[in-house]
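Read the structure below first, then the notes.
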Amino acid sequence: MRLNITILPGDGVGPEVTAEAVRVLCTVADAYGHEFAFDERPVGGAGIEQAGSPLPRATLDACLASDAVLLGAVGSSQYDGLAASLRPEAGLLALRSAAGAFANLRPVVCHEATAECSPLREEVVRGSDVLIVRELTGGLYFGEPRGTEEDGASAFNTMRYTDVEVERVARVAFEAARGRRNKLTSVDKANVLETSRLWREVVSRVAREYPEVAVEHMYVDACAMHLMTNPRGFDVVLTENLFGDILSDEAAVIAGSLGMLASASVGGHVDIYEPVHGSAPDIAGRDIANPLGAIASAALLLRHTARLEQEAQDVEAAVRGVLEAGYRTADLRGGKGRCIVGTAEMGALVSDAVAELADMRHAYHAV
Ligand code: IPM
Ligand code: MN
């Protein structure tokens, strides 16, 4: 299979973790005889520095012309004082919007080997497997009007949703639930917000088309608590943009570290894959960032865009194998006799494990 992938390393630890995801993709290409072409472009702070914009035209054009986008992270404290539209983050938001990638899938899995890494009790997190489906191109992030009054003493944003926006992301979530454990929790704040009442109405309507899926509605504040006390009680969590942003960082506690989480933004002209974590400027350039979120994002790319299920599973199995062998990056705490490795070494370990799995598979097919 031939695949054109635009690589957007971005800022902070973005380039380091993206390099490891690319390394793993190259191993997959070699081992399975695929041809992946990578085109690297600046975005975020790197875009501002190299081309005067957080989303340079040439970067956007390259993304829209490719089969998939793999992004590292954006954000830099250097731009802290600036208006939202001039910050590195604006580049990522503009890309999501231009791509039309309205559904953001964020799987949160507690691996058996890293249950010990969560600050929550092991018996609470063990076996957790939640898929957060976050609406990505609407809500407070994009609603108009927005701004700051001239006197600087008041500012405003708009939470706006249309039935069409809710319905299309709800469908993605119901389809996902159908392929999993047939349970969907729709999260809103319908006791306070009009947008949430609309959300609930539309989700309930779509639910009638999926009678096999058990649906519950939950307020976001309650959900934040239940996710920590009973994560196994969740299968698919469907929610709007800002709630999903907050809940997914919180849910990282279940996986042991924010560095573990991957995401796929789908439904538009081109799919965007990125780890859930940010640019973490405080640890950038030190070879200590966890590349597993980026690598798991590459696995999602193989599954959703390339439809290479076997390859995706091999990457995921390689990650599990490396963790089971006791290797950890510094963010994964706990456990005696664990071997702490750097970003590049973790990437190399996963890559070698992928090659080994592929070899075994080829040997098996040869006999
Ligand atoms: C995320 C990030 C982004 C978001 C930022 C960098 C704009 O936090 O992908 O979760 O808020 O969506
Ligand atoms: Mn976030």
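Contact order normalised by length for the chain, with contacts defined as Cα pairs under 8 Å and 6 or more residues apart; what percent is it?
Reported as a whole number, the value is 22 percent.
When the square roots of the Cα gyration tensor eigenvalues are ordered a ≥ b ≥ c, the ratio a/c for the range 252-303 is 1.5 or more and a/b exceeds b/c, which makes its shape prolate.
Take every DSSP beta bridge with both residues inside the range 119-255 and express the antiparallel ones as a percent of the total, to the nearest 5.
Numbers: 2 of 16 bridges.
Given both bridge residues lie in the range 119-255, the antiparallel proportion sits at roughly 10 percent.
Once the Cα-Cα distance is subtracted from the 0.36 nm per residue extended length, the Arg121 to Arg307 segment shows a gain of 63.3 nm.
Each distinct pair of alpha carbons in the range 93-148 adds a 1/r term; the inverse of their mean, the Kirkwood radius, is 14.0 Å.
Peptides 25-31, 144-150, ordered by how many other C-beta atoms sit within 10 Å of their residues on average, highest first, read 25-31, 144-150. Within the shell defined by Cβ-Cβ distances under 12 Å, the residues around Ser279 carry a net charge of -4, with Lys and Arg each +1 and Asp and Glu each -1. All other residues with a Cβ under 13 Å from the Cβ of Ser265 taken together, and with Lys, Arg as +1 and Asp, Glu as -1, what is their net charge? Counting the neighbours of Ser265, the net charge comes to -1.
Averaged over every viewing direction, what's the projected area of the C-alpha convex hull for the range 119-255? Give it in nm², one decimal, please.
With the hull built on Cα positions only, its mean projection is 9.2 nm².
Count Lys and Arg as plus one, Asp and Glu as minus one, and take only other residues whose Cβ is under 15 Å from that of Asp30; the net charge is then -3.
For the range 1-71, rounded, prolate or oblate, judged on the Cα gyration tensor with a ≥ b ≥ c (square roots of eigenvalues), a/c < 1.5 rounded, else prolate if a/b > b/c? Oblate, because a/c is 1.5 or more while a/b does not exceed b/c. Model label points for His362 and Ala58, set 7 angstrom from Cα along the Cα-to-Cβ axis, are 3.7 nm apart.
Using square roots of five times the C-alpha gyration tensor eigenvalues, list the equivalent-ellipsoid semi-axes of the chain in whole Å, biggest first.
31, 26, 21
Helical runs assigned H by DSSP (4 residues or longer) give the chain a calculated mean residue ellipticity at 222 nm of -14000 deg cm²/dmol, each run adding -39500 (n - 2.57) before division by the residue total. Peptides 278-289, 94-105 ranked from most to least packed by the mean count of surrounding Cβ atoms within 10 Å: 94-105, 278-289. Cβ-Cβ distance of Ala83 and Thr162, R₀ of 30 Å, FRET efficiency by 1/(1 + (r/R0)^6): the value works out to about 0.65.
Sorting the segments 126-132, 41-47 by their mean number of nearby beta carbons within 10 angstrom, highest to lowest, gives 41-47, 126-132.
Any read-out appearing in this document is the output of simple, stated calculations on the displayed coordinates, not a laboratory observation. Please read all numbers here as calculations on a predicted model, not as lab measurements. Using ideal geometry, Cβ is built from the backbone for each residue, glycine included, and neighbour counts are taken over all protein chains shown.
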